[in-house]
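Nothing in this text is a laboratory measurement; each read-out follows from the coordinates by a stated rule. Since this is a predicted model, take the numbers as computed values, not measurements. All Cβ positions, even for glycine, are placed from backbone atoms using ideal geometry, and neighbour counts span all protein chains on display.
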């Protein structure tokens, strides 16, 4: 399963150390989750995702560059629902290369073809410039309805300004 610059493949625990190391403070700055305290904490959460993937409730894919390096992940949660939720993150060193957009397009097309899904939910902090640029790029293929901004404080004290977005695939 590939695109121009990356491969998007089902997540494998062989990427655990890279996932743990790169899912850091900067990556999670505008997200509800925090970095994992230990690799074992990361393993437990990722194993839950993999177990949900077996039941076709969640998808978690590793994003691999042309040098076979782990550069992030793309996920979809709530596959059994009408409007599953999307998520993507790319390692800091690989920002600005279009990998997140390619990974999102891959998972959106995959879920549309395999599950017939046409509507998705994507939440991003209004201050997260990269995530909001992704939404703009997706607007060619999706009608995007912005929801109200929700100001929240996470358990660890991060102040978030999250805006949900409903994406509906345009007819081609």
Open item on the list: With Kirkwood's inverse mean 1/r over C-alpha pairs for Rh, give me the Rg to Rh ratio of region 87-172, two decimals please.
Closed with: 0.99
TODO: List 142, 115, 110 from most exposed to least, where exposure is judged by having the fewest other Cβ atoms within 10 Å.
DONE: 115, 110, 142
Open item on the list: Computed from the coordinates I sent, percent of Cα pairs over 26 Å apart equals one of [x] 32; [y] 35; [z] 25. Tell me the label.
Closed with: [z]
Task: Packing-based order for 76-83, 36-43, using average beta carbon neighbours within 10 Å, highest first - done: 76-83, 36-43
- [ ] Can you bin region 32-131 into rounded, prolate or oblate? Criterion: square roots of the alpha carbon gyration tensor eigenvalues sorted a ≥ b ≥ c, rounded for a/c under 1.5, prolate for a/b above b/c, oblate for the rest.
- [x] rounded
TODO: Output the peptides 46-52, 166-172 sorted from most to least packed, where packing is the average of other Cβ atoms within 10 Å over each peptide's residues.
DONE: 46-52, 166-172
TODO: Return 6, 144, 27, 107 ranked ascending by Cβ neighbour count within 10 Å, so the fewest neighbours appear first.
DONE: 144, 27, 107, 6
Task: Two-decimal Rg/Rh across region 1-79, once Rg and the Kirkwood Rh are taken from alpha-carbon atoms - done: 0.96
Open item on the list: Give the separation of the Cα centroids, region 91-117 to region 119-149, in Å.
Closed with: 13 Å
Task: Over the chain: helical MRE at 222 nm, DSSP H runs n ≥ 4 each giving -39500 (n - 2.57), nearest 500 - done: -9500 deg cm²/dmol
